[in-house]
2 protein chains.
Amino acid sequence: MTVLVTGADGYVGWPTALRLARRLDERVVGVDNLARRDWVEDVGSVSAVPVDDPETRYAAEPNLSFVYADLADRDEVQQLLDVHEPHTVVHAAAQPSAPYSQINGERALYTQRNNLSMNVNLLHGLKDAGLDDTHFIETTTTGVYGAPEFPIPEGGATMENQGERDDVPFPAMGGSWYHVTKSFDNANARLANTQWDQPVSDLRTAIVYGTETDETEELGLPTRFDFDYYFGTVVNRFCAQAVAGYPLTVYGKGEQRKPMVGLRDTVESIATLVEDGHDGEGVDVYNQVTRPVAIVELAETIQEVGEEFDLDVEITHVENPREEDEEHQMEMENERFEELVGEPQSLEAGVRDVLTTLTRHRDRITAREDRFLPEVLLD
Amino acid sequence: MTVLVTGADGYVGWPTALRLARRLDERVVGVDNLARRDWVEDVGSVSAVPVDDPETRYAAEPNLSFVYADLADRDEVQQLLDVHEPHTVVHAAAQPSAPYSQINGERALYTQRNNLSMNVNLLHGLKDAGLDDTHFIETTTTGVYGAPEFPIPEGGATMENQGERDDVPFPAMGGSWYHVTKSFDNANARLANTQWDQPVSDLRTAIVYGTETDETEELGLPTRFDFDYYFGTVVNRFCAQAVAGYPLTVYGKGEQRKPMVGLRDTVESIATLVEDGHDGEGVDVYNQVTRPVAIVELAETIQEVGEEFDLDVEITHVENPREEDEEHQMEMENERFEELVGEPQSLEAGVRDVLTTLTRHRDRITAREDRFLPEVLLD
């Protein structure tokens, strides 16, 4: 019995593989091509937390193993699935940065081809390996939802025209060349489910923040932590800015709410879903989100918790470069996710986690603090 | 002033390029990599109508020219756009066969990578060439709609959850690895429109039938006509079966209605849209459909018109291999399309067109009549 975790060198993938290895009496195979390390180097940054090589990480538990493979390559995927015959695939591999995908046409094309190819190869690979009972879990993004003026369902919704109605999947509302790839993957996973009954779960992951999980702490094998404009999500980047003594720049009023989730809860929900197995017959959608948080509330929380670390955090409001509703409330159903995770970590506790870690690595951050902003000359 | 037509060697692309060259006092540049010829050969079939090489076709009018290029290659696209600076791009290039995309994982991956790459390269290429005023017209498919239980809008629709509502784009409901690519392209075109105001029109093309247009007839330069299981659409394939004395096989009751449109109207609507230009500010959606037709009505029309050609057309009902509602009515709004095309050709007249052409090429069809059915051993 094997669980395959893709993107197993990544921010979410590594702690997930580690928790699964600890919790399950099974082999956990992590696969990655280490591309994330290259992308971050490509934008001139580093992980704030120094991370070990996969060889060191994957020696941590006897039932963990690591395979270097490029999932955009069909043959490599097929070989991997044929050999390991996983009963569950946690697909957490992707070029996951919206700003990176927005740099230029080359990065947009790379992002879309890379993410799409991995998804197609895994889905068809499962079928061709005779693994059509394998639970395919993909971590996608709440970014597929855009910012509609109704509470976002956990799954499809009702569409209406001329007074008649039907339930439909959620449309592709993502605002970047990255975000839409996760809608593409959704559509493909639905095909695998309708055409050959592949059990599929779609974890729509919110903005993840955090540094440690119980296992990474205990073993001293941390996950990476990006804080640059391209790969640092807003919570993590703001915390790094706070530690570097750099003001937190809030776009406009900052009352627009963004869905967020802690790393600990992200990992726990995936592990529970792997243990519990596929819930229904169709594509199960989970909104992997604790709650939407206003950007200004986030900044103020970091300011407040920062005092415990003797950080004097400044908040500045700048003109919003984005066209967005600065008061968008982003209501999002998450009952199914809550069942997976139990009592979630508070934003305050998550920020405390992050600041605890980052204050130990202040020098690595201040050495790259110019990376907080986009490099317009990047090509 | 130049119009660029992609897929310019294809079934719709060639007669479209020809009509534009005749109608406009401008250069019309057709681009293609001739892949369709390879795909049809790959499935062991041929065009029922012998077709000329692009060199011969594109010598027909002084303002027509042809470029051999692979649009999945970023550099080739950029060069093409930089050199020709089109004010309108008609993007009719694609691997357009659902059954071909369903053959196996390799074909699925190829179809998705090919179609997606072309779309990304054209959209970003326009931006990078400084052609963000160029009207980008893509022929997609009514297959993006699936078969919902409400009249299909010509554009987005209203989504509702917990009593609140908003207008959203149509979700990806396509049922094949090909069909969903057109939803991917829709999402990308929306990004180009929202991010840098690229004028975009999305012609959602129904099942096209027909052989000739006024120009192909007059010049004796016909478009291709596929009748095999993979590349022959249902109307054209049924007509070929009728000519070959092969029974028309209706799946189940055959009362399910499918959206259809004649080739003459398809070409005319594109030409009008090129002339008229982009209509609004957003992404203009047109349902390029005359009307939905029940499969059994289609078969009976061919049977009836067949009598004029001394064809004794047999209709057989076989068990439906597909999971579909055999009475789905497929209501579809098409007011915007009708404004482009005026009085459409009737199905009966279209079938008469096709049978007139095909009875001249009966031998080419009967030589390949085993191609009406899927080749299960194809790999």
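Just a few scattered comments:
- Relative to the current alpha-carbon distance between A:Thr356 and A:Glu307, full extension at 0.36 nm per residue lengthens the span by 16.4 nm.
- Label-point separation, B:Glu55 to A:Asp276 (7 Å along Cα→Cβ), nm: 6.5
- Cleavage-rule hits (trypsin sites (Lys or Arg not before Pro)) in the range B:194-263: DSSP loop, at most 15 neighbouring Cβ within 10 angstrom: B:Lys253
- Rounded to 5, percent antiparallel among DSSP beta bridges of the protein assembly as shown: 20
- Cα convex hull, the protein assembly as shown: 145 Å³ per residue, rounded to a whole number.
- Global geometry of the range B:259-339, whether rounded, prolate or oblate, following the gyration tensor of its Cα atoms and the 1.5 cut on a/c: oblate
- Nearest-0.05 FRET efficiency for A:Asp133 and B:Glu339, computed from C-beta distance (R0 30 Å): 0.05
- Taking every DSSP helix (H) stretch of at least 4 residues in chain B, weighting each as -39,500 (n - 2.57) and dividing the sum by the residue count yields a mean residue ellipticity at 222 nm of -11500 deg cm²/dmol.
- Label-point spacing for A:Arg291 across the identical copies (point 7 Å from Cα in the Cβ direction), in nm and ascending order: 5.6.
- Label-point spacing for A:Gln195 across the identical copies (point 7 Å from Cα in the Cβ direction), in nm and ascending order: 2.8.
- Full extension of the chain segment joining A:Glu149 with A:Ala349 gains 69.0 nm, where the gain is 0.36 nm per residue of separation less the Cα-Cα distance.
- Cα shape, the range B:2-372, gyration tensor, a/c 1.5 rule: oblate
- Multiplying the residue separation of B:Thr194 and B:Asp73 by 0.36 nm and subtracting their alpha-carbon distance yields 41.1 nm.
- Oblate is the label for the range A:200-302, because a/c, from the alpha-carbon gyration tensor with a ≥ b ≥ c as root eigenvalues, is 1.5 or above and a/b does not exceed b/c.
- Distances between copies at A:Glu319, taken between label points 7 Å from Cα along the C-beta direction, are 6.9 nm in increasing order.
- Inter-label distance, A:Leu219 to A:Glu319: 5.0 nm, where each label sits 7 Å from its Cα along the C-beta direction.
- Inter-label distance, B:Glu106 to B:Ala367: 2.7 nm, where each label sits 7 Å from its Cα along the C-beta direction.
- Proximal aspartates and glutamates relative to A:Lys253, as straight alpha-carbon distance under 17 Å, when same-chain residues fewer than 8 apart are discounted: A:Glu297, A:Glu300, A:Glu314, A:Glu319, A:Glu323, A:Glu324, A:Asp325, A:Glu326, A:Glu327
- Entry note, chain A: relative contact order of 20 percent, from Cα contacts under 8 Å with a spacing of 6+ residues.
- Excluding same-chain neighbours fewer than eight residues apart, the lysines reachable from B:Lys182 by a Cα-Cα span under 23 Å are A:Lys182, B:Lys127, B:Lys258.
- Between amide H atoms placed 1.01 Å from N, distances below 5 Å from B:Lys258 occur with B:Val293, B:Ala294, B:Ile295, all of them 5 or more places distant or on a separate chain.
Read-outs: derived from the displayed coordinates by stated rules, not from any lab. Fair warning: this is a prediction, and the values are worked out from it, not measured in the lab. Glycine also receives a Cβ, built like all others from the backbone with ideal geometry; neighbour counts cover every protein chain displayed.
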